Amino acid sequence: MGMIKGFAQVPNNVLWDSNLSLQAKGLWAYIKSKPPNWDFSCARIAQETKEGRKSILKAMKQLEEAGYLHRTKLPSGRVVHKIHPQVYKAPLSYEPPISFQDCREAIQASTGMPDKQAKQSTQELVNLCQEAQIKRSQTALNSWIQHHTQSPI
């Protein structure tokens, strides 16, 4: 929800996300407290806080895996991070995100795919959720499984 008159607002779905540590939730709030288009990096955040670079990287990875943060590596080698806009929208009802591991296990159990193929399919689901700007949830997983297990007509 961003900055409003000197205050940062954090949506409850970020705070309630059991896949995030308190450190990752705090980092998300810290990033959101910054002006739009603030150029952030682990090194810059480490300089501005008491956290070490490794600690910040770990929190960023959690945010990325949960779908709150997107990382793009530029041809120059520089990494650019963006906060996903779907987090700002207040959900009508809260549905917790589902972990990558839980998605993989559900896909494997539903389709009988070997582990490697299930992992690739789970990554495909994660990418689709990110592109559609939706959270990786049980609903999204169920839709993906239903679509991929239907027999051709």
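The values are calculated or read from the model by the stated rules, or taken from the named source; none is laboratory data. Bear in mind the structure is a predicted one, so any value in this text is a computation, not a measurement.
So here's what we get for this one:
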{"quantity": "The range 128-148, residues that are within 10 Å of PRO97 (Cα to Cα) and small (Gly, Ala, Ser)", "calculated": "SER137, ALA140"}
{"quantity": "Helices (runs of 4 or more DSSP H) contained in the range 1-101 and holding at least 3 residues modelled with pLDDT of 85 or more", "calculated": "22-32, 42-48, 53-65"}
